């Protein structure tokens, strides 16, 4: 009979293996989808493989420099083109739903290239721990320092730098 500790250890190991699988799924799908996106003139913004409710969702988020941004037709076009490629490569063993979307006007920034691409935009920064007594700041994004792994912003005309690992969330702000 398995002790409580052994049962918990087994669950943790299974969870870690499952998390590792999810990460490798995103990496494999990124490698498959990026050339297809480039062929259509899209930027592959993000690939997520997540559980939503009872379903597993493989979400491809795409962007473009074209006027008007990503349309529903763009999403449908990439969905139809990527379906057979994903079926052929078969990177996911369990049933999942494929979703293709745009990052929207208020988008979450997670990768260095996101921060670089959105330089000049207003952003909301949320921190895990307070900076100068604040856990949230609004600023203008200046870019990303890859060497130091820092997000560079401007607040009241002054440049500020924050380690990426200290950000709980950063998203662009659109004044409606």
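Could you tell me whether the range 61-73 includes any residue that is more than 14 Å from the chain's Cα centre (by Cα) and farther than 22 Å from residue 175 by Cα? Looking through the range 61-73, at least one residue is more than 14 Å from the chain's Cα centre (by Cα) and farther than 22 Å from residue 175 by Cα. Within the range 143-164, the residues that satisfy the criterion of being within 20 Å of residue 107 (Cβ to Cβ) and out of contact with any helix residue (DSSP H, G or I) (no Cβ under 9 Å at 6 or more places or on another chain) are 153, 154, 162. Here residue 107 meets the list (1) within 21 Å of residue 28 (Cβ to Cβ); (2) in contact with a helix residue (DSSP H, G or I) (Cβ under 9 Å, 6 or more places away or on another chain) almost entirely, failing just condition (1). For beta carbons closer than 9 Å, sequence separation of 6+ or different chains, a first residue in the range 155-174 that is surrounded by 17 or more Cβ atoms within 10 Å (Cβ to Cβ) and a second that is in a helix (DSSP H, G or I), the qualifying pairs are 164/112; 164/115; 170/114; 170/115; 170/164. Is it true that residue 122 is in contact with a strand residue (DSSP E or B) (Cβ under 9 Å, 6 or more places away or on another chain) and at pLDDT 95 or above? So residue 122 passes the test.
Is it the case that the range 92-107 has a residue that's in contact (Cβ under 8 Å) with a residue 60 or more places away in the chain, surrounded by 12 or more Cβ atoms within 10 Å (Cβ to Cβ) and assigned to a strand (DSSP E or B)? No: the range 92-107 contains no residue that is in contact (Cβ under 8 Å) with a residue 60 or more places away in the chain, surrounded by 12 or more Cβ atoms within 10 Å (Cβ to Cβ) and assigned to a strand (DSSP E or B).
The values are calculated or read from the model by the stated rules, or taken from the named source; none is laboratory data. Fair warning: this is a prediction, and the values are worked out from it, not measured in the lab. Cβ sites come from the backbone with ideal geometry, for glycine too, and all protein chains shown count toward neighbours.
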